[in-house]
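Here the structure is laid out as structure tokens; the discussion comes afterwards.
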Amino acid sequence: MRVHALYHVPFENVGSMAAYFAQSGHPLAVTRLYNADPLPDLTAFDLLVVMGGPMGVNDDTRHAWLTAEKRFLRVAMAQGKTILGICLGAQLLASVAGADVTRNPHREIGWFPVTRSAVLETTRLRDLLPTRFDAFHWHGDTFDLPAGAMPIGSSEACLNQGFIIDDRIVGLQFHLETTPQSAAALIEHCGHELDGSRFVQDTVTMLSQPDRFHRLNTLMAKLLDALTNP
């Protein structure tokens, strides 16, 4: 399966997914939107991965490529592509699908549990996520569920932690691909957001238990199994 990823900033990449794609024989191509790379032809990939970034979905005046990206995502969704959006990527998919993206009541950064939605049992993600699991978070915005979407889960800080549409479009507000290295990169570039509020952890807490990243990445591998083996 041919995979294409959209990057919004230099310090957020596919993380643990890179090793998964390499080991599984799925070639990965990348568009770096922040470098003004052209968007790919829709026939050039089977799975599209839309990554995160500190900008918002409506920051078109600061990041002109957002307008073209949203137009591209709209067409990709309509043409039946399999798509995985993470953090900003999920917010972009929700917005393109007609849902509101707004400021979340709480900034959520660090390790916090997500409770899985029971409706996932009717989707290709069934039996993939535990009833309750720790995920890595780094976001201040949230989204409403798009029309026809099934919720993936929720956390104490954020009602909508993800959705699945037509059993092929998955949006995750949380991160399963984060590695110690990518977490450190987020801390380096977005550390000014660590304001000590209720759902914001400090850097020591976020990096102190490396085994948590392994468990996280194992869940990501299971999700990718589901998306690459329909």
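The values are calculated or read from the model by the stated rules, or taken from the named source; none is laboratory data. Since we're looking at a predicted model, the values are computed, not measured. Positions of Cβ are backbone-derived with ideal geometry, glycine not excepted, and every protein chain shown enters the neighbour counts.
Of the residues making up the stretch 165-179, those that are more than 16 Å from residue 108 (Cβ to Cβ) and under 12 Å from the mean Cα position of the chain (by Cα) are 169, 170, 177. Within the stretch 139-155, being over 23 Å from residue 121 (Cβ atoms) and surrounded by fewer than 23 Cβ atoms within 10 Å (Cβ to Cβ) holds for 140, 141, 142.
Name the residues in the stretch 167-186 that are in contact with a strand residue (DSSP E or B) (Cβ under 9 Å, 6 or more places away or on another chain) and in a helix (DSSP H, G or I), would you? Correct list: 182, 183, 186.
When every residue of the stretch 198-214 is checked against the conditions, at least one turns out to be assigned to a strand (DSSP E or B) and closer than 20 Å to residue 12 by Cβ.
Where strands (runs of 3 or more DSSP E) fall entirely within the stretch 70-166, those with at least 2 residues that are in contact (Cβ under 8 Å) with a residue 12 or more places away in the chain and closer than 26 Å to residue 187 by Cα are at 82-86, 101-116, 132-143.
For the stretch 82-126, the set of residues classified as more than 26 Å from residue 209 (Cβ to Cβ) and among the acidic types (Asp, Glu) consists of 100, 121, listed by residue number. Selection of the stretch 21-66 for residues being among the small types (Gly, Ala, Ser) and assigned to a loop (DSSP other than H, G, I, E, B) yields 25, 36, 52, 53, 56, 64. For the stretch 130-145, the criterion of being of a type in the set (Ser, Thr, Tyr), within 23 Å of residue 73 (Cβ to Cβ) and at pLDDT 95 or above is met by at least one residue.
Kindly indicate whether residue 153 is out of contact with any Lys or Arg (no Cβ under 7 Å at 6 or more places or on another chain), small (Gly, Ala, Ser) and under 30 Å from residue 80 (Cα atoms). Considered against the rule, which asks whether it is out of contact with any Lys or Arg (no Cβ under 7 Å at 6 or more places or on another chain), small (Gly, Ala, Ser) and under 30 Å from residue 80 (Cα atoms), residue 153 comes out as no. On inspection, residue 61 fails the criterion of being surrounded by fewer than 19 Cβ atoms within 10 Å (Cβ to Cβ), more than 23 Å from residue 213 (Cα to Cα) and in contact (Cβ under 8 Å) with a residue 24 or more places away in the chain. Close contacts from the stretch 3-17, counting a first residue that is more than 14 Å from residue 174 (Cα to Cα) and a second that is in a loop (DSSP other than H, G, I, E, B) and of a type in the set (A, V, I, L, M, F, W, C), with Cβ to Cβ under 6 Å and a gap of 6+ residues or different chains, come to 4/45; 5/14; 7/51. Only one of the numbered conditions (1) touching a strand residue (DSSP E or B) at 6+ places or on another chain (Cβ under 8 Å); (2) more than 22 Å from residue 198 (Cβ to Cβ); (3) surrounded by fewer than 19 Cβ atoms within 10 Å (Cβ to Cβ); (4) not acidic (Asp, Glu) is not met by residue 82, and that is (3).
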